[in-house]
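Every number here is computed from the coordinates shown, using simple stated rules; none is lab data. These figures come from a predicted structure and were not determined experimentally. Every residue, glycine among them, receives a Cβ derived from its backbone with ideal geometry; neighbour counts consider all protein chains shown.
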Amino acid sequence: MANPFSGLENIGASYMAGARLAQERQRRADEILARQEEARIRQQYYQDIIAEREAARLATAADREAQGSTLFGKYLVRKADGTIDYQASQAAKQAGEERGQLGAAYGALAARDEKIGPISPEIMQTPQFIAARATGLEKRAGEQKAVRNALLSQGYIPVEETPEPFGFTPDLLRAPRDTSEDFVIEGQRFQPGPLARMRATKPVKPTFVGKETFSVLGREVSRDLTKEQMDALVQAYQSGNTGGGTNAPLGDIVVDPNSPYGLRYIPRK
């Protein structure tokens, strides 16, 4: 007689085989998901590294840009890709500084109206040339004003020079004016006026080196002596002292306008 439960054994084996197959499929699916997650994490890690490096590169580029702008300023030169050309920028800066130095020197010379020859427009347009020339002109104007004021205070007067008319004039009969004492300030001539001439002829105050008391007509007189008068007094005294010998009597110093230095020695008898 046949076994009534023989079919159940086949059903159980099939069920177990299906369960094992499902578990294997789930395991493989989990492994695939795990590998995908690992790949995603690895990709994100690499992207983070790339992003950090790019940020660092951009920060470094920004710092170099700021440093280059500070270092070269208006002389900054860029390459075709927009980056700084340090060699060209340095050459441009050096050339610009040399132009500035020349501009300052030429500006100072131009303010003093010195003959320096032609100056290139590139030099004349530099800020250094403009500033040096303006400063020099201001200083020169102040010096000229001070000299004019000094001349006016000393009695010099400005001369209004007008062109001589053509033809014979009475001025041609006059002797030319002496201009040896004139001063010319920026084309303006100054001549000494009466006050300046009076000061020029003012006698110099003598310098006294001593005082001498002597007898004049029986009276004691004290008088300041210049060096010349003192020398004459000493010479007269020595002459009288040696001329009379060691026992020669002393004399008197008297005022005599006809004698040298206004003094004369009279030995006593």
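The coefficient of translational diffusion for segment 12-75, derived via Stokes-Einstein from the alpha carbon Kirkwood radius under 37 °C and 0.692 mPa s, stands at 199 µm²/s. Around the amide H of Ile157, modelled in the peptide plane, lie the amide H atoms of Gln191, Gly193, all under 5 Å away and 5 or more residues distant in sequence or on another chain.
In this structure, the amide hydrogen of Val77, modeled 1.01 Å from its nitrogen in the peptide plane, lies closer than 5 angstrom to those of Asp85, Ser89, counting only residues at least 5 positions away or on a different chain.
Fewest Cβ neighbours within 10 Å first, please rank Met124, Met230 accordingly. Walk me through the numbers on the way to the answer.
Values: Met124 14, Met230 17.
Going from sparsest to densest Cβ surroundings: Met124, Met230.
Other residues within the sphere of radius under 10 Å centred on the Cβ of Gln128, judged by their own Cβ, net out at +1 (K and R +1, D and E -1).
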